[in-house]
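Structure, as C-alpha cells:
The values are calculated or read from the model by the stated rules, or taken from the named source; none is laboratory data. This one's a predicted model, so the numbers in the text were calculated from it and none came from an experiment. Cβ sites come from the backbone with ideal geometry, for glycine too, and all protein chains shown count toward neighbours. In case anyone asks, the SASA skips ligands and DNA or RNA and just uses the protein heavy atoms, side chains included. Shrake-Rupley method; radii C 1.70, N 1.55, O 1.52, S 1.80 Å.
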Amino acid sequence: MLSTLTSRFSQIFTRAGRRGRLKPDDIDEVLAEIREALIDADVNVDVVEKFCGAVRGECLTAELHQALNPTEQVIQIVRDQLIAILGGESFSVTYASKPPTVVLLAGLQGSGKTTNAVKLARWFVQQGRQPLLVGADLQRPAAVEQLRVLAGEISIPVYSEGRDPVRAASGGLKEAKRLGRDVLICDTAGRLSIDKEMMREVGRISKAISPQYTFFVLDAMGGQAAASVAESFHETLELDGIILTKLDSDARGGAVLSARETVGRPVAFASTGERLDDFELFHPDRMAGRILGKGDVLTLIEKTEEAFEKAEAEAAAERLIAGTYTLDDFLDQMRQIRKLGPLSGLLGRMPGMSGMEIDDNSSEQRLAHMEAIICSMTPMERFKPEIINNSRRQRIAQGSGTTTADVSKLIREFSNARKLMSSLGKAPRKAKPAKKGKKGGSRVTPKGTVSPKVANLPDVANLDFLWQTETT
Amino acid sequence: MPLFRRRKQEAAFSARTPDSALASDHELASDSTQAHLAAALVAIKDAKLGEDVWLEIERHLLSADLGVPTTHRLLESVKAEATSSAHALELLRQVLVNNLAASTSLSTEGSPAIWLVVGVNGVGKTTTIAKLAKRETDLGRRVVLAAADTFRAAATEQLQMWAERVGVSVVHGSEGSDPASVVFDAVEHAAANSADIVIADTAGRIHTKSNLMDEICKVRRVADKASGRVAEVLLVLDATNGQNGIAQASVFTEAVDVTGIVLTKLDGAGKGGIVLSVQHELGLPVKLIGVGEQITDIETFRPEQFVDALLSDAVLSDAVLSDAVLSEVSPMR
C-alpha cells in the first residue's frame, strides 16, 4: 500500500514538476492518496474529509516556491496541518489555588485508565506534588486491587470505598483534604460511550468532585469510532485533554487525530510502554510523522527527488544524442552523483557490489578537481570545448588549481564520453539490420523509424555525420 | 435489573430506524434490508446508481473499520454486477456475509482440551474467559482456568473473582511466575481431575514486543507437551480498534498458530470491520463475539447478524435481539 503510494506520488509530482507549478487537479490527485493513507492510519473518515479540505485550501493559496519541489511542499503543508491540529495549544497544568487539584480519568474499557492513573500520579510526584489515587472503578473485578498494587510500587496512597463510585470519589476528595494531598487522581470504570446510564454515572462522579482536569484516555490502536466516542465523553464531561495510550504498538494512531479534532482539546500525555515511567508529555511533531508514516514520507521525498534527477538526466541524454551535450550537463550529472554520498556507499547498496573496494578519498578528490576545472571555464568554453587553446588551458588550470595536463585530460575524457554516449543512443536502431547478418552493410536510414524523442532534433545532418564516424 | 438487559429491551423498539419505525409491517415486508440499514444508506437506496451512491457506500464501509484495500476489493465485486442502488446494497450484504462464512465450532478434542486465549492489552481477554467458562459449564463441561497472566497487577484476582461467580477452579502461580508453568500445572491438574477443558488466560502483550511474543511461544510449546491437546488458540480482538488488528492477527498467528478470533465490545460504537481483512488475508474465522459486560454476553458469531449490524446505525447487541422482530418480516433471512 505504502510503496504504491510512494510511486504514485512520484508520478504525480514528476508531471507537476515539469509544469513548474501545482494545479488543482494535481492537488486533488495527491489528496486522494493522502486520504487513503490517513484512513489506513485509522483517522475517522469525516475528519479526513475535513482535513483534506483544509490542506487543499492551503495548497491553492500558499506561495509555491519554484525552487522547492512540489512533493516537499505538499507534504510540508500536510504535516504542518497535522501538527496544527495535534498541537494547537500545548498542555500545561495550572494547579488549583485551593488544593487538591482534582483530575478525573474516563474512557472505554481496556483503554488503560488504571495503569495511566498511576503513571500520571508518578508524573505529579516528579513535579513535586503529593497525589492521592482514588479507585472509583468498582465494576471490573479487582480493578481497585490493581490500582493498589501499582501505586504501592511507587508508594502513592490509594483510597476507595463501598460499591458506589460516586461516593467513593467524593470520599476520596475528603480523604485528600484530610491528608493534605495536593493532587487527586480519580480512576473510573471503563464504559461504552453509547451506554447512557453509565455515561450519566460518570457525569455524577464528575459533579461530586468537580475536577480541574478531565482526561479522556484513548487507545492508540482505536479505530473509526474514536471520533464519536470522544464526542460522547466530551458532551458528558467537558474534557480538558486526551491521554494517548499504547503508543508502544505499531498502530499509526490516527484515532488521536479524530479525537483531537472532534473535541478540540489538546493531547496532554502519551503512554509509551508498560512500565510506570513510560509516560511523557505529548509531542505533536513526532505523532504527525507517525500518522503519515514518517519513514514512508521520507522515502517519498527521496523518491521524488530521484524522479526529478531522472527527468534531468533524460533531458541531458536527449541533448547527448543530439550532440548538444555540454560540459554543463557533465557538471550537473557529476554533482548529482556526488550528492548521493560517498561512492563506496553507493556501490555498497548495489547488489553484488558490496565486495568492491573504492578509495573514497582519491575518487572524491578527482571529482572535486573535475568540478573545479569546469567551473573555471567560461560558458562558451563549456558549451564548445573545442575552442580551448593553450592560453585558455593555462587560465583554466590556474583558476582551478590544477595543471594544464589535468585540463587536457578532462576535455579528452569528456569528448570520448560524448562520442561513446551518442553511439549508444544510436545502437538500438543499428541492432535491427545487424540481426539479419549484414554487418556494416546496408544501413537503415533513421528517417522512417525515428522515435518521437529524436524526431524533433534540430539537425539531422549532424546525426548522419555522427552515424558515419561511428560505422567507419 | 442488569443494565444490559434493560438496554436490550429498549433496543427491540429502537432497532428499526426512525424512518422505518413509522412504516407499516407491510412496507417492511416488501423491503428486506430497510430495517437494518444506516440512515445514510437508506437515503441512497432509491437514488440512481452512480458515483455518489458508491461513494456513500464506500464511506460507510470505511467508517466500519474495513480499511481501504478491503473496502475497494469488496466494492469491485459488487460494482461488476449491481443494476440499481437497492440491488447494490443487497449484493454488498451478500458479499460481506459470504466473506465471513466459516465454521465457528470450538474444538474440545483432547483430555483435557486446552484453549489458549491471547491478545494485546485491554481487549477483554479475562472477561471473555469468564464468559467462556460460564458457557461451557452450562453445557455440562468441566472447566479449569489457568491464570497465566502473571504480569498485570491483580490479573489473577480478577480471574479468581470471575471463577467464583461461575463456580470453576483456577490454577495460579505467584505474581511474576512463569506463565508456561502455570498453564502446565493447570493442565496436569485438569487431567488428574478429569476436567474437559482448560482455558488459559495470558497477559496482554503488544505484538511488537519480541520478548513477550517469545514468552507466548513458550507457553504454547509447553502446553503442547502437557497432557491433553491444544485444541484452540483464540485471539481476542477489540471491535473498537482499527487497522492494527491485521498486524496483531498476523504476528500472533505466526507465533502461536491462532485458530480463531473472538471479537469483543461489539456492544460499543465500533463495528469491528477489521475481521473481514483478517479473514481474507489470514483465513482466520471469527468464532465468538462479546456483546456486553454480563457473564452471559458471549455469542457464537453469525455472519448475517454481524453484517446487518455493520450496515446499520445500531449496535450488534440490538441486532441480536431484533432478530426475532425481523425474521418475521425479512425474506432475506
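Numerical summary
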| item | result |
| --- | --- |
| Residue count, the stretch B:144-166 (criterion: open to solvent by 50 Å² or more (accessible area, probe 1.4 Å) and either within 23 Å of residue B:213 (Cβ to Cβ) or in contact with a Ser or Thr (Cβ under 7 Å, 6 or more places away or on another chain) (or both)) | 2 |
| Of all residues in the stretch B:169-188 being open to solvent by 20 Å² or more (accessible area, probe 1.4 Å) and in contact with an Asp or Glu (Cβ under 8 Å, 6 or more places away or on another chain), the one that is modelled with the highest pLDDT | B:171 |
| Breaking point among (1) within 8 Å of another protein chain (Cβ to nearest Cβ); (2) in a helix (DSSP H, G or I); (3) under 26 Å from residue A:246 (Cα atoms); (4) free of Cβ contacts under 8 Å to residues at least 24 places away in the same chain, for residue A:146 | (4) |
| Sole exception among (1) on the phi < 0 side of the Ramachandran plot; (2) in contact (Cβ under 8 Å) with a residue 60 or more places away in the chain for residue A:240, by number | (2) |
| Qualifying position, being under 24 Å from residue B:241 (Cβ atoms) and either modelled with pLDDT of 95 or more or open to solvent by less than 70 Å² (accessible area, probe 1.4 Å) (or both), among B:64, B:82, B:47 | B:64 |
| Filter result (open to solvent by less than 10 Å² (accessible area, probe 1.4 Å), part of a helix (DSSP H, G or I), more than 18 Å from residue A:292 (Cβ to Cβ) and not aliphatic (A, V, I, L, M)) within the stretch A:218-259 | A:233 |
| Residue, farthest from the other protein chains (Cβ to nearest Cβ), within the stretch B:227-240, restricted to residues that are within 20 Å of residue B:281 (Cβ to Cβ) and among the hydrophobic types (A, V, I, L, M, F, W, C) | B:233 |
| Residue that is farthest from the other protein chains (Cβ to nearest Cβ) [pool: residues in the stretch A:232-252 that are in contact with a strand residue (DSSP E or B) (Cβ under 7 Å, 6 or more places away or on another chain) and within 17 Å of residue B:208 (Cβ to Cβ)] | A:244 |
| Elements of type strands (runs of 3 or more DSSP E) in the stretch B:169-273, at least 2 residues being more than 29 Å from residue A:220 (Cα to Cα) | B:169-172, B:197-202, B:229-238 |
| Filter result for the condition that a residue is within 14 Å of chain B (Cβ to nearest Cβ), within 20 Å of the chain's Cα centre (by Cα) and at negative phi, over A:229, A:256 | A:256 |
| Matching residues in the stretch B:47-78 - criterion: being part of a loop (DSSP other than H, G, I, E, B) and within 11 Å of another protein chain (Cβ to nearest Cβ) | B:64, B:65, B:66, B:67 |
| Residue under evaluation residue B:107, criteria (1) away from chain A (no Cβ under 14 Å); (2) open to solvent by less than 20 Å² (accessible area, probe 1.4 Å); (3) assigned to a loop (DSSP other than H, G, I, E, B), criterion not met | (2) |
| Unmet criterion (only one of (1) surrounded by fewer than 23 Cβ atoms within 10 Å (Cβ to Cβ); (2) away from every other protein chain (no Cβ under 14 Å); (3) in contact (Cβ under 8 Å) with a residue 24 or more places away in the chain) for residue B:286 | (1) |
| Set A:166, A:125: member being of a type outside the set (Asp, Glu), in a helix (DSSP H, G or I), over 24 Å from residue A:281 (Cα atoms) and free of Cβ contacts under 8 Å to residues at least 60 places away in the same chain | A:166 |
| Exclusive hit being under 19 Å from residue A:212 (Cα atoms), open to solvent by 10 Å² or more (accessible area, probe 1.4 Å) and either touching an Asp or Glu at 6+ places or on another chain (Cβ under 9 Å) or of a type in the set (Val, Ile, Thr) (or both), set A:149, A:102, A:144, A:125 | A:125 |
| Residues satisfying the stated conditions in the stretch A:105-118, i.e. surrounded by 24 or more Cβ atoms within 10 Å (Cβ to Cβ) and within 13 Å of another protein chain (Cβ to nearest Cβ) | A:107, A:108, A:110, A:111, A:112, A:113, A:114, A:115, A:116, A:117, A:118 |
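The rows are residues; the columns are (1) away from every other protein chain (no Cβ under 14 Å); (2) of a type outside the set (A, V, I, L, M); (3) over 21 Å from residue B:182 (Cα atoms).
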residue: B:223; (1), (2), (3): yes, no, no
residue: B:242; (1), (2), (3): no, yes, yes
residue: B:249; (1), (2), (3): no, no, yes
residue: B:259; (1), (2), (3): yes, yes, yes
residue: B:266; (1), (2), (3): no, no, yes
residue: B:278; (1), (2), (3): no, no, yes
residue: B:295; (1), (2), (3): no, no, yes
residue: B:301; (1), (2), (3): yes, yes, yes
residue: B:305; (1), (2), (3): yes, yes, yes
